[in-house]
Amino acid sequence: MINRKDLVAKFQELHGREPRLFRAPGRVNLIGEHTDYNGGFVLPMAIDKETAVAAAARKDRIIRVHSINLEDSGEFDLDAETEREKGSWLNYVEGMARLLERAEFKLTGADLLIWSDVPGGAGLSSSAALEMSIGLALSEISGHAVDRTTLALIGQQAEHEFAGAKVGIMDQFVSANAQAGHALLLDCRSLEFENVPLSTEDVAVVICNTNVKHELASSEYNTRRAECEEGVKILGKFLPGVKQLRDVSIEEFERYQNELPDVIRRRCRHVITENERTLKAAEALRRNDLTELGRLMWLSHASLRDDYEVSCKELDLLVEIAGKQPSILGARMTGGGFGGSTVNLVERENLLEVIENISLEYKRQTNIEATILVSDAGGGASEITV
Ligand code: GLA
């Protein structure tokens, strides 16, 4: 946990007044990968790492922001345009501010101080945590109660327009809406969701960060989206009414799969089978059958590796090492892929031994230190007091 008291004290020292305090978590996705932008299902949970924002209104329309972790500051005027380089973290802050205003939530200027312990580049949605905490802070200090789903949609739009990443809705949605002690089953088309209890008493959720991030990540992400759309176009000729891969059943896919070029066929197969695995996983979780959830996670990884081709050798290695640990019920890559983290279900009884085994073996084979964290299912974005 970050030290929220220090954050407030630092704000007081810098600005000489009392801030309000907001936070939003990162997430790990248990299953349902690359299904969100296909209108399908996802089953993520919020982790207990967060971005916290101390915020106070200003009398003008200037937003001034400082990040303690990044030791970087920026400011912009809500009434003037800004030229900003792509890739800067400030784009997320500005994106949230501009898009809240576009959605008719008029903002006051603000002084913002940010502190985060969500690791960046780890596939744990540090950017969604930033967007949701900033969005909540800016809207609340301006006197607007923006509902969490709207906030998530604005965050997704900020990624599209201000960061150039055509992401789906999963990360922002779970960061905004998660409930502690629960995973969140989301229908990414209707945005209906269910909080499914996730007890981590006997089985821990363990996140292993490869500590690699391959360059391919964002270009390949957009390519996968296009490949899925291509699949919809072809399958739609045979299956009128199909608007997204979400609409194609496994039986229908099997009937028409030979109409698809090989790569498109495999991309579609991943998405269509992953949707089914996700629904089955939610069912398993409802009856607290973590063995079945684990089984589905192994299958998900194989599908992401072989059919969707978004894994990498480091992720595959972590999953392979996990496969040799009898106390691990399931493991898979999580998030967009090409680096980042795996998510593992590990029996608590042997937790320390398993963590040690994974660390040693990964280090031995790659010469890279993995970062391993154990997380309960946390709550979504909220205002907090210290
Ligand atoms: C990234 C995106 C999400 C989702 C995942 C893959 O995390 O932000 O919208 O598409 O990749 O499941």
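The values are calculated or read from the model by the stated rules, or taken from the named source; none is laboratory data. Because the structure is predicted, anything quoted here is derived from the model rather than measured. Note that each Cβ is placed from the backbone with ideal geometry, even for glycine, and that neighbours are counted across all protein chains shown.
Anything in segment 1-19 that is modelled with pLDDT of 95 or more, closer than 22 Å to Glu131 by Cα and out of contact with any helix residue (DSSP H, G or I) (no Cβ under 6 Å at 6 or more places or on another chain)? List them, or say none.
Residues satisfying the conditions are Leu7, Val8, Lys10, Phe11.
Could you pull out every one of the helices (runs of 4 or more DSSP H) wholly within segment 273-386 that has 3 or more residues that are in the same structural domain as Glu220 (by TED's automatic domain parsing) and either closer than 25 Å to Ala24 by Cα or within 14 Å of the ligand (Cβ to nearest atom) (or both)?
290-306
Here's a check for you: in segment 146-184, which residue that is polar (S, T, N, Q) and more than 28 Å from Glu83 (Cα to Cα) is farthest from the ligand (Cβ to nearest atom)?
This residue is Gln179.
Can you tell me how many residues within segment 28-67 are under 21 Å from Leu90 (Cα atoms) and in contact with a helix residue (DSSP H, G or I) (Cβ under 7 Å, 6 or more places away or on another chain)?
The total comes to 10.
Would you point out which residue out of Glu75, Glu85, Glu71 is without any contact (Cβ under 8 Å) to a residue 40 or more places away in the chain, of a type in the set (Asp, Glu) and surrounded by 13 or more Cβ atoms within 10 Å (Cβ to Cβ)?
Just one listed residue meets the conditions, Glu75.
Could you grab me the full set of residues in segment 108-120 that are closer than 19 Å to Asp48 by Cβ and either in contact (Cβ under 8 Å) with a residue 40 or more places away in the chain or more than 16 Å from the ligand (Cβ to nearest atom) (or both)?
Ile114, Trp115, Ser116, Asp117, Val118, Pro119
Test Ala24 against the stated conditions and say whether it is away from the ligand (no atom under 16 Å from the Cβ) and either in contact with a Cys (Cβ under 7 Å, 6 or more places away or on another chain) or assigned by TED's automatic domain parsing to the domain that holds Ser142 (or both).
Criteria not met by Ala24.
Restricting to segment 228-247, give me the number of residues that are closer than 23 Å to Ala165 by Cα and part of a helix (DSSP H, G or I).
Final tally of qualifying residues: 8.
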